[in-house]
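J.: Let me give you the structure first, and then I'll get to my questions.
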Amino acid sequence: MAANPPGQVFPNSKARVAILAELERERRRLLQNQSMNTPGASISLSRPTMKEFRESAEQQHIAAQQKAALQHAHTHSSGFFITQDSSFGNLILPVLPRLEPES
């Protein structure tokens, strides 16, 4: 398939423009009719699905676990800990200071 040089005018370009304009008008009409026929459609699409609801609840549960683990670590240890997402499932990670070697 050969590429057409830029700026080349096709003999039926007016027909193409007319067809595209008609398609655009038809698309807008259909979208308008659809929104008039189902006024609550946009609301129902914004409701969370069960998967999203479970993920949200799971995230809240993990956040609660992180907070509890962090409080426990701070009260029972002299170290400092932070909450961090981990590939290994760790809810909190210890923060170790960098000490310069004594010379």
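The values are calculated or read from the model by the stated rules, or taken from the named source; none is laboratory data. As the structure is a computational prediction, the values presented were derived from the model and not from experiment. Cβ: placed from backbone, ideal geometry, glycine included. Neighbour counts: every protein chain shown. Side chains are part of the model used for accessible areas, which takes the heavy atoms of the whole protein and leaves out ligands, DNA and RNA. Shrake-Rupley method; radii C 1.70, N 1.55, O 1.52, S 1.80 Å.
J.: Filter the stretch 21-58 down to the residues that are at pLDDT 85 or above, open to solvent by 100 Å² or more (accessible area, probe 1.4 Å) and either under 30 Å from D85 (Cβ atoms) or of a type in the set (A, V, I, L, M, F, W, C) (or both) and list them by number. Full working, then the answer.
T.: Just the residues of the stretch 21-58 that are at pLDDT 85 or above, to begin with: 21-30.
Now restrict to residues that are open to solvent by 100 Å² or more (accessible area, probe 1.4 Å): 23, 25, 27-29.
The answer is L23, and nothing else.
J.: Is it the case, given these coordinates, that K67 is charged (D, E, K, R), at pLDDT below 80 and open to solvent by 90 Å² or more (accessible area, probe 1.4 Å)? Spell out how you get there, then give the answer.
T.: On the way: charged (D, E, K, R): yes; at pLDDT below 80: no; open to solvent by 90 Å² or more (accessible area, probe 1.4 Å): yes.
Against the criterion (charged (D, E, K, R), at pLDDT below 80 and open to solvent by 90 Å² or more (accessible area, probe 1.4 Å)), K67 does not qualify.
J.: Continuing with this model, one more query. Could you please tell me which pairs satisfy a Cβ distance under 9 Å, a separation of 6+ or placement on different chains, a first residue in the stretch 7-27 that is part of a helix (DSSP H, G or I), and a second residue that is at pLDDT below 90 and open to solvent by less than 100 Å² (accessible area, probe 1.4 Å)?
T.: Listed pairs, sorted by first residue: R16/F10.
J.: Search the stretch 76-103 for residues that are within 17 Å of H61 (Cα to Cα) and pair each with any residue that is charged (D, E, K, R) and at pLDDT 80 or above when their beta-carbon atoms are under 8 Å apart and the residues are at least 6 apart or on different chains.
T.: Taking only residues 6 or more apart or on different chains, the pairs are T83/K67.
J.: Let me ask something else about it. What single numbered condition from (1) in a helix (DSSP H, G or I); (2) within 20 Å of the chain's Cα centre (by Cα) fails to hold for D85?
T.: So the condition that D85 fails would be (1).
J.: Check H61 against each of (1) open to solvent by 60 Å² or more (accessible area, probe 1.4 Å); (2) touching a strand residue (DSSP E or B) at 6+ places or on another chain (Cβ under 6 Å) and name the one condition it does not meet.
T.: (2)
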